[in-house]
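Visitor: Sharing a structure below in structure tokens format, with a few things to ask.
The values are calculated or read from the model by the stated rules, or taken from the named source; none is laboratory data. Computed from a predicted model, the values in this text were never measured in an experiment. Counting neighbours? That spans all protein chains shown, and the Cβs are built from the backbone with ideal geometry, glycine included.
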């Protein structure tokens, strides 16, 4: 058994951010994640990199944090971000007083903005509703949650950080009310393992209270479910927000060839309650129509929901500063020595994806101080991805279609070299396995062989396989022989396929009308009739 | 004035047209698309007909055994290349190499020989898209444990340009090539190259080869000392395409008129009769009148029924479809209630009001996927319902 100074529980953005920060400071750390990295809230959101403008009125501190992190992330994680810019759109129904408040809020938080003329607005976004009064541009952007989380994990690894996926922390081990280790279970083979450590960082997000609960420590995390819809095309070129107090269904975020409309907000009992409901979808569409007319005629390919972990104090008025609690009202750092007399356990709760790096920095500062480590945080300066050489870029463009080449380089960075070599040796490996998202056979093969790919869904999160408009109808079949490459690792093929199809189905079920229903009939025809996966054995 | 106008040119519509034309009727088929036969490798699934005939409201129950049987037999007289009968299921290989039940099948797909052989040679043309030799081999081993399975990869000069470019050879490319004169010559060479495998003791499986409706290919094969078994393909499939083409040729040979790429824009009704449809074709509107109209627009997948968040709508006559109370289940490959949506009819296939059972349009017949209360995918009777209802409508025109 290997020991570490720190064990981090939870492989979302915050967890991997902490892993990277600690590893860069030379503190040995292991991250344990019960599923795949970014399987939870860090990938189940609209993918908006906030400029802070959304919080300019209600939550000035949050707004200020967002704009400063927005600038940092655009520098260090450029390959995960598409700097689309964002608009705040005031329509006839929106309160003009609010607009004045908002403009002051943005100025106070230091969020740069520019008013756009209506003629320019309609020219640049022709689908926008025609009853708008004013439009303001802010530095909103879009971010790929999967990519950002994996980039953090890989960067951490280069500094000696470790992570294990599909490992669930069963309990925290205490000696005289001091953390001495954790007991975890490998969910793939059910093996128990014990890991010694002096500090545990609870970055479990919506699961954080369950983790603290394993040693009887009470931690209040409010599970706030947000449902989102994905449309099959890029409806807008930039993020479109409604200029009114933040509400449901008032943000459109374009990603590559799709658009996401979000979100709703509903308190739920557990992070597992992430099934979108019909009434939420109706509400989203109704609100979305305020920005995009005839929204019902657009094709929705998927609904999904994430559970935001809000800290109790989020809902209170004050930002009172307890000892051991960090300053922000948006996220809270809880030192359980002060609250629960448990030494070496710190929980980080609340926060936003946009501020994950800042949260990680605060946690790492606390941990470093504890170990007497004086090295300062450098995560805001160093890029996540090492520079890709010009030669590699050139080679990629020679072997793959332009868009496919660029996307692959963004996903794999320097690791793309191995994929390109494969394609060079066997041109058929350059064929697109996923035609919607342009993922080559060689790339999927490489990812399938990664030590941390255990399910088809893990490959999906790393490559976007099955996330395009066909929602897996064709590429699921095409990924099948790749799973056979390592017999021991993947479940029997047909079970694996069924699981993957059912996961895709979960997000399609609630939006089953129009063209998506038609597509679903094709998918059913392929898997139940042509392939007969629900098969027969009676010969 | 036409005797019958069929709206929709898939399997059901074409069969109705052929039957009516054969009976000397003047028939027009108006179709937006080309049906969905290219998805199915030309296999006609009949399902468990005896059970389905006893399933309340199922189209088989509505039409009865005589119609189901006659339709299947009629199809086989049209296409003697098809094997099987309506009571006994045949087995064909899925693209994954597992056997599956089917009703009427192109002869080349018949897997009977596999159950008896001790050696299977699986031909694997290099670079073939959507065919996975290793997966097929492992599934064949599971299904036929008495046999050894030898994988035989091979290349064909005609596809060298494909190999150099890394371009996938689709099933359609393959099927087309083997039917050409040079393809047949190459094929003879391929058979020769098997000599060292003692093929006379083996059964050869040949994905990408489709002999249905090809006299020269069947001749080459009948002279071989071993059986050759073809496979169904991942869509699009050339086998389905050839069946579509075969149906169209039959229909036209019988004097039928086919208008493809034309959607019905409007219908004109008088009381409970439809007397005219207005069709948009090549940018202009044309009017057609007929004594009988047959609706074969393919349900949800074919575009004959459109569903919004609010309602489901039949697109030509505006008939109210039957909408099941449940909508979906969590197991994707299982029963999905929505799939049983469709237009309810009397046993003459005339549309009826769900509640009062009153006939809504007296000279309109509903066929194929437009009918309510069945699911081609879980019941595996897609071809059967289309044949039976199409044949029946063809008799009524």
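Visitor: So which of B:287, B:306, B:314 is in contact (Cβ under 8 Å) with a residue 40 or more places away in the chain and in contact with a strand residue (DSSP E or B) (Cβ under 6 Å, 6 or more places away or on another chain)? Full working, then the answer.
Guide: Values: B:287 fails: in contact (Cβ under 8 Å) with a residue 40 or more places away in the chain; B:306 fails: in contact (Cβ under 8 Å) with a residue 40 or more places away in the chain.
Just a single option satisfies the conditions, and that option is B:314.
Visitor: Confirm whether residue B:341 is within 14 Å of another protein chain (Cβ to nearest Cβ), crowded, with 18+ Cβ neighbours inside 10 Å and under 21 Å from residue B:31 (Cβ atoms).
Guide: Working: within 14 Å of another protein chain (Cβ to nearest Cβ): yes; crowded, with 18+ Cβ neighbours inside 10 Å: yes; under 21 Å from residue B:31 (Cβ atoms): no.
When the stated conditions are applied, residue B:341 does not pass them.
Visitor: Further question on the same structure: When you look at residue A:48, is it farther than 21 Å from residue A:223 by Cβ, modelled with pLDDT of 95 or more, in contact with a strand residue (DSSP E or B) (Cβ under 6 Å, 6 or more places away or on another chain) and not assigned by TED's automatic domain parsing to the domain that holds residue A:252, yes or no? Give the derivation first.
Guide: Numbers: farther than 21 Å from residue A:223 by Cβ: no; modelled with pLDDT of 95 or more: yes; in contact with a strand residue (DSSP E or B) (Cβ under 6 Å, 6 or more places away or on another chain): yes; not assigned by TED's automatic domain parsing to the domain that holds residue A:252: yes.
No: the conditions fail for residue A:48.
Visitor: Could you tell me which of the residues A:451, A:525 is modelled with pLDDT under 85 and either more than 27 Å from residue A:397 (Cα to Cα) or in the same structural domain as residue A:12 (by TED's automatic domain parsing) (or both)?
Guide: Within the list A:451, A:525, the selection yields A:451.
Visitor: Would you be able to tell me the number of residues in region B:318-337 that are more than 14 Å from chain A (Cβ to nearest Cβ) and crowded, with 21+ Cβ neighbours inside 10 Å?
Guide: Here is the first cut: in region B:318-337, the ones more than 14 Å from chain A (Cβ to nearest Cβ) are B:318-320, B:322, B:325.
The next check asks that each one be crowded, with 21+ Cβ neighbours inside 10 Å; those that pass are B:319.
Residues flagged as more than 14 Å from chain A (Cβ to nearest Cβ) and crowded, with 21+ Cβ neighbours inside 10 Å within region B:318-337 amount to 1.
Visitor: Check B:346, B:353 and return the single one that is more than 15 Å from residue A:517 (Cβ to Cβ), surrounded by fewer than 23 Cβ atoms within 10 Å (Cβ to Cβ), more than 14 Å from chain A (Cβ to nearest Cβ) and in contact with a helix residue (DSSP H, G or I) (Cβ under 9 Å, 6 or more places away or on another chain). Quick ask: steps written out before the conclusion?
Guide: Working: B:353 fails: in contact with a helix residue (DSSP H, G or I) (Cβ under 9 Å, 6 or more places away or on another chain).
Of the residues listed, the single one that is more than 15 Å from residue A:517 (Cβ to Cβ), surrounded by fewer than 23 Cβ atoms within 10 Å (Cβ to Cβ), more than 14 Å from chain A (Cβ to nearest Cβ) and in contact with a helix residue (DSSP H, G or I) (Cβ under 9 Å, 6 or more places away or on another chain) is B:346.
This table checks each residue for (1) part of a helix (DSSP H, G or I); (2) assigned by TED's automatic domain parsing to the domain that holds residue A:210; (3) surrounded by fewer than 23 Cβ atoms within 10 Å (Cβ to Cβ).
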residue	(1), (2), (3)
A:355	yes, yes, no
A:382	no, no, yes
A:416	yes, no, no
A:428	yes, no, yes
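Visitor: Out of curiosity, is residue B:281 at pLDDT below 95, more than 14 Å from every other protein chain (Cβ to nearest Cβ), in contact with a helix residue (DSSP H, G or I) (Cβ under 9 Å, 6 or more places away or on another chain) and farther than 22 Å from residue B:389 by Cα?
Guide: Working: at pLDDT below 95: yes; more than 14 Å from every other protein chain (Cβ to nearest Cβ): yes; in contact with a helix residue (DSSP H, G or I) (Cβ under 9 Å, 6 or more places away or on another chain): no; farther than 22 Å from residue B:389 by Cα: yes.
Judged against the criteria, residue B:281 is not a match.
Visitor: Keeping to region B:182-201, report how many residues are within 22 Å of residue B:216 (Cα to Cα), in contact (Cβ under 8 Å) with a residue 12 or more places away in the chain and assigned to a helix (DSSP H, G or I).
Guide: The qualifying residues number 11.
Visitor: Scan region B:304-317 for residues that are within 14 Å of another protein chain (Cβ to nearest Cβ) and farther than 16 Å from residue B:338 by Cβ and report the count.
Guide: Our first condition is that a residue be within 14 Å of another protein chain (Cβ to nearest Cβ); within region B:304-317, this holds for B:304-313, B:315.
If we keep only those that are farther than 16 Å from residue B:338 by Cβ as well, we get B:315.
Number satisfying all stated conditions: 1.
Visitor: Give the residues of region A:225-254 that are farther than 23 Å from residue A:123 by Cβ and under 16 Å from the mean Cα position of the chain (by Cα), sorted by residue number.
Guide: A:225, A:226, A:227, A:228, A:229, A:230
Visitor: Test residue B:95 against the stated conditions and say whether it is under 24 Å from residue B:153 (Cα atoms) and crowded, with 20+ Cβ neighbours inside 10 Å. Break it down stepwise before answering.
Guide: On the way: under 24 Å from residue B:153 (Cα atoms): yes; crowded, with 20+ Cβ neighbours inside 10 Å: yes.
Taking the combined requirement at face value, the residue satisfies it.
Visitor: Also, quick follow-up: Report, by residue number, each residue of region B:99-113 that is buried (at least 23 other Cβ atoms within 10 Å of the Cβ) and in a helix (DSSP H, G or I).
Guide: Scanning region B:99-113 gives B:108, B:109.
Visitor: Here is a further query. Assuming residue A:139 fulfils every condition listed in (1) more than 17 Å from residue A:31 (Cβ to Cβ); (2) in contact with a strand residue (DSSP E or B) (Cβ under 7 Å, 6 or more places away or on another chain) apart from one, which condition is it?
Guide: Going through (1) more than 17 Å from residue A:31 (Cβ to Cβ); (2) in contact with a strand residue (DSSP E or B) (Cβ under 7 Å, 6 or more places away or on another chain) one by one, residue A:139 breaks only (2).
Visitor: Moving to a separate point now. Within 14 Å of chain A (Cβ to nearest Cβ) and either at pLDDT 95 or above or assigned to a strand (DSSP E or B) (or both): does that describe residue B:265? Write out each step before concluding.
Guide: On the way: within 14 Å of chain A (Cβ to nearest Cβ): no; either at pLDDT 95 or above or assigned to a strand (DSSP E or B) (or both): yes.
So residue B:265 does not fit the description; no.
Visitor: Kindly establish whether residue B:292 is in contact with a helix residue (DSSP H, G or I) (Cβ under 8 Å, 6 or more places away or on another chain) and within 14 Å of chain A (Cβ to nearest Cβ).
Guide: Working: in contact with a helix residue (DSSP H, G or I) (Cβ under 8 Å, 6 or more places away or on another chain): yes; within 14 Å of chain A (Cβ to nearest Cβ): no.
No: the conditions fail for residue B:292.
Visitor: Quick one: count up the residues across region A:393-407 that are loosely packed, with under 13 Cβ neighbours inside 10 Å and in contact (Cβ under 8 Å) with a residue 12 or more places away in the chain.
Guide: The total comes to 1.
Visitor: If you go through region A:1-34 one residue at a time, how many are modelled with pLDDT of 95 or more and not in a helix (DSSP H, G or I)? Talk me through it step by step, then tell me what you get.
Guide: Within region A:1-34, the subset modelled with pLDDT of 95 or more is A:4-34.
Now narrow it down to the ones that are not in a helix (DSSP H, G or I): A:4-12, A:25-34.
Final tally of qualifying residues: 19.
Visitor: Could you tell me whether residue B:368 is within 14 Å of chain A (Cβ to nearest Cβ) and surrounded by fewer than 22 Cβ atoms within 10 Å (Cβ to Cβ)? Give the derivation first.
Guide: Details: within 14 Å of chain A (Cβ to nearest Cβ): yes; surrounded by fewer than 22 Cβ atoms within 10 Å (Cβ to Cβ): no.
No, not satisfied.
Visitor: Only residues that are crowded, with 24+ Cβ neighbours inside 10 Å and part of a strand (DSSP E or B): list them for region B:275-305, please.
Guide: B:293, B:294, B:295, B:305
Visitor: Moving on to the next point. Considering each of A:488, A:442, A:473 in turn, give the residue that is touching a helix residue (DSSP H, G or I) at 6+ places or on another chain (Cβ under 9 Å), outside the structural domain of residue A:164 (by TED's automatic domain parsing) and at pLDDT below 90.
Guide: Numbers: A:488 fails: touching a helix residue (DSSP H, G or I) at 6+ places or on another chain (Cβ under 9 Å); A:442 fails: at pLDDT below 90.
None of the other options fit; the residue is A:473.
Visitor: Based on this model, can you work out whether residue A:410 counts as closer than 22 Å to residue A:76 by Cα, surrounded by fewer than 16 Cβ atoms within 10 Å (Cβ to Cβ) and either modelled with pLDDT of 95 or more or not assigned by TED's automatic domain parsing to the domain that holds residue A:154 (or both)? Talk me through it step by step, then tell me what you get.
Guide: Details: closer than 22 Å to residue A:76 by Cα: yes; surrounded by fewer than 16 Cβ atoms within 10 Å (Cβ to Cβ): no; either modelled with pLDDT of 95 or more or not assigned by TED's automatic domain parsing to the domain that holds residue A:154 (or both): yes.
Judged against the criteria, residue A:410 is not a match.
Results for (1) farther than 30 Å from residue A:467 by Cα; (2) surrounded by 24 or more Cβ atoms within 10 Å (Cβ to Cβ), shown as yes or no for each residue.
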site: A:21; (1), (2): yes, yes
site: A:24; (1), (2): yes, no
site: A:28; (1), (2): yes, no
site: A:35; (1), (2): no, no
site: A:38; (1), (2): no, yes
site: A:65; (1), (2): yes, yes
site: A:79; (1), (2): no, no
site: A:88; (1), (2): no, yes
site: A:93; (1), (2): yes, no
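Visitor: Select from region B:116-133 the residues that are over 15 Å from residue B:231 (Cβ atoms) and either in contact with a helix residue (DSSP H, G or I) (Cβ under 9 Å, 6 or more places away or on another chain) or modelled with pLDDT of 95 or more (or both) and list them in ascending order.
Guide: Our first condition is that a residue be over 15 Å from residue B:231 (Cβ atoms); within region B:116-133, this holds for B:116-119, B:126-127.
If the condition is that a residue be over 15 Å from residue B:231 (Cβ atoms) and either in contact with a helix residue (DSSP H, G or I) (Cβ under 9 Å, 6 or more places away or on another chain) or modelled with pLDDT of 95 or more (or both), then B:117, B:118, B:119, B:126, B:127 are the ones that fit.
Visitor: Need at least 1 residues that are more than 23 Å from residue B:217 (Cβ to Cβ) and without any contact (Cβ under 8 Å) to a residue 40 or more places away in the chain per element, so show me which helices (runs of 4 or more DSSP H) inside region B:114-178 make the cut, counting only ones lying wholly within it.
Guide: Working: elements: B:133-143, B:160-165, B:171-178.
By residue number, B:133-143, B:160-165.
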